[in-house]
Structure formats: C-alpha cells, structure tokens
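Contents: one structure, followed by commentary.
The values are calculated or read from the model by the stated rules, or taken from the named source; none is laboratory data. Just so it is clear, the structure is predicted and the values come from calculations on it, not from any experiment. Here the Cβ positions follow ideal geometry from the backbone for every residue, glycine too, while neighbour counts run over all protein chains shown.
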Amino acid sequence: MPQIWAGVDIGKTHHHAVVIDVDGKRLLSRRVKNDEGELLALISDVLEISQDGLLRPDAQASAAGARTPATQRPVGQ
C-alpha cells in the first residue's frame with residue numbers, strides 16, 4: 001500500500017497538487033503552471049517526499065485535461 005497519495009486537479013493553464021500521508025496529513029500543496037518543466041519539478045518534489053506514492057489526476061477535470069482511472073500509476077513510473 002502506498003505511504004503517500006498525490007492528487008492533481010488538472011486545469012487548462014494551471015494545476016493544483018496535494019500530497020497526503022496515510023494519516024491524511026498534508027505534506028505538499030502547490031499550484032503549478034501547465035508547463036512541462038514545472039510539472040517535472042512537481043514530480044521530483046513528490047519523489048523526494050517518498051518513492052512509494054500514487055499519482056491520481058482528477059478525473060472530474062474538463063475534457064481538455066481529464067484522465068481516466070486507467071492512467072493512475074505509482075509515482076515515478
């Protein structure tokens with residue numbers, strides 16, 4: 001079971017990421033621009049917190065940025 005959970009609310013120009021631990025404690029909360037460099041930096045920051053996480057994009061986002069549950073995968077893969 002993952003020790004952290006990373007969720008991303010996907011928007012057209014910006015996204016918001018939150019990382020929580022198994023107790024629900026917020027470890028990271030950050031708005032990032034829809035920019036490859038910023039998204040890679042976010043992933044790197046999440047990996048610094050823990051290699052054992054699950055990244056789950058918000059499936060309720062607009063069709064332009066929505067992901068299906070099938071795209072959920074452990075962080076770093």
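Brief remarks on what is shown
- The single residue among Ser62, Ser44 that is of a type outside the set (A, V, I, L, M, F, W, C), at pLDDT 90 or above and either loosely packed, with under 11 Cβ neighbours inside 10 Å or touching a strand residue (DSSP E or B) at 6+ places or on another chain (Cβ under 8 Å) (or both) turns out to be Ser44.
- With respect to the conditions (1) exposed (fewer than 10 other Cβ atoms within 10 Å of the Cβ); (2) modelled with pLDDT of 60 or more; (3) not in a helix (DSSP H, G or I), His16 falls short on a single one, namely (1).
- Of all residues making up region 19-46, the number that are out of contact with any Gly (no Cβ under 9 Å at 6 or more places or on another chain) and part of a helix (DSSP H, G or I): 9
- Residues satisfying the criterion are present in region 47-58 (criterion: surrounded by 12 or more Cβ atoms within 10 Å (Cβ to Cβ) and either modelled with pLDDT of 90 or more or part of a helix (DSSP H, G or I) (or both)).
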